[in-house]
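Take a look at the structure below.
The values are calculated or read from the model by the stated rules, or taken from the named source; none is laboratory data. Please read these numbers as outputs of a predicted model, since none were measured by experiment. Quick reminder, even Gly has a Cβ in these numbers, built from the backbone with ideal geometry, and neighbours come from all protein chains shown.
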């Protein structure tokens with residue numbers, strides 16, 4: 001194995017930089033749900049289902065089985081799973097993230113996925129009897145391969161693997177920071193997350209992150225009043241949901257209509273050309289949200305819309 005302590009330091013620093021950057025740009029920060037470096041052994045509450053596991057020197061070794069995390073995870077939150085893995089068996093070894101999966105079936109040999117339901121993000125080494133990495137959706141008795149690509153990982157080397165599940169149905173699988181597989185599917189929405197290996201796989205720097213935001217993921221957006229009759233502009237995004245305020249910073253906007261999820265929240269009487277900001281409390285739903293705006297008044301006026309989540 002390589003110098004894992006160095007790898008851990010780099011990983012933690014990178015995570016801190018990402019979170020800091022999100023705060024600085026005004027985009028809702030990602031929430032770390034699980035962060036495990038295994039420096040204190042196997043975490044409490046993790047369930048071994050077939051196979052065996054051990055922790056030595058801050059590294060998890062998982063052999064022919066599954067480790068089930070205790071929490072239930074949700075698609076509406078948007079999830080990103082990251083781990084450093086070293087697959088030791090070049091001929092037939094593999095590593096899998098089983099997501100929204102219930103593997104607790106006494107008839108399941110080695111936690112084999114067709115006995116349960118969920119997504120399988122599968123990673124194999126070059127030269128394996130499985131020559132393609134895959135994303136699959138499975139139900140008892142069978143399933144469907146949603147995407148596949150030739151393997152790129154080397155056995156007995158450390159690689160960084162990533163799986164992403166977005167609320168809009170997007171699924172992504174990456175190796176060493178390179179996006180390799182992508183599909184769209186909404187078969188599974190909630191459930192546990194499972195680490196699964198065939199052969200012995202070393203695992204470290206596991207992190208599970210919520211990707212959802214309160215307002216639009218790209219942050220505040222600007223709408224402008226063009227010449228001609230007023231027109232309706234709309235924005236849709238997937239939110240974590242919750243309470244907050246909509247801040248509308250205006251530049252010579254004399255009048256406007258603003259609807260949120262079909263409800264009128266701002267009317268022309270809330271605006272005048274001499275004020276610079278309007279605020280209104282909002283309650284966003286977990287999932288799809290829609291904002292519709294009609295700017296009125298002189299052409300060239302514009303407004304910036306920012307959603308701020310309550311602490």
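Within the stretch 132-157, if we keep just the residues that are in contact with a helix residue (DSSP H, G or I) (Cβ under 7 Å, 6 or more places away or on another chain) and not in a loop (DSSP other than H, G, I, E, B), the residue that is surrounded by the most Cβ atoms within 10 Å (Cβ to Cβ) turns out to be 138.
The residue list 217, 183 contains one member that is out of contact with any helix residue (DSSP H, G or I) (no Cβ under 8 Å at 6 or more places or on another chain), touching a residue at least 40 places away in the same chain (Cβ under 8 Å) and outside any loop (DSSP other than H, G, I, E, B), which is 183. The single condition from (1) touching a helix residue (DSSP H, G or I) at 6+ places or on another chain (Cβ under 9 Å); (2) modelled with pLDDT of 95 or more; (3) on the phi < 0 side of the Ramachandran plot that residue 205 fails is (3). Annotation: of all residues in the stretch 282-301 being farther than 26 Å from residue 75 by Cα and modelled with pLDDT of 95 or more, the one that is surrounded by the most Cβ atoms within 10 Å (Cβ to Cβ) is 295. For residue 251, the requirement of being at pLDDT below 95, farther than 26 Å from residue 31 by Cα and either in contact with a strand residue (DSSP E or B) (Cβ under 8 Å, 6 or more places away or on another chain) or not assigned by TED's automatic domain parsing to the domain that holds residue 159 (or both) is met.
Could you list all residues from the stretch 32-87 that are touching a helix residue (DSSP H, G or I) at 6+ places or on another chain (Cβ under 8 Å), in a loop (DSSP other than H, G, I, E, B) and closer than 21 Å to residue 122 by Cα? Those that are touching a helix residue (DSSP H, G or I) at 6+ places or on another chain (Cβ under 8 Å), in a loop (DSSP other than H, G, I, E, B) and closer than 21 Å to residue 122 by Cα: 50, 51.
Taking the criterion of being surrounded by 15 or more Cβ atoms within 10 Å (Cβ to Cβ) and modelled with pLDDT of 85 or more, the residues of the stretch 102-131 that qualify are 117, 118, 119, 120, 121, 122, 123, 124, 125, 128, 130. Residue 245: within 23 Å of residue 218 (Cβ to Cβ), in contact with a strand residue (DSSP E or B) (Cβ under 6 Å, 6 or more places away or on another chain) and modelled with pLDDT of 95 or more, yes or no? It is true that residue 245 is within 23 Å of residue 218 (Cβ to Cβ), in contact with a strand residue (DSSP E or B) (Cβ under 6 Å, 6 or more places away or on another chain) and modelled with pLDDT of 95 or more.
Among the residues of the stretch 127-138, those that are touching a residue at least 24 places away in the same chain (Cβ under 8 Å) and under 23 Å from the mean Cα position of the chain (by Cα) comprise 133, 134, 135, 137, 138.
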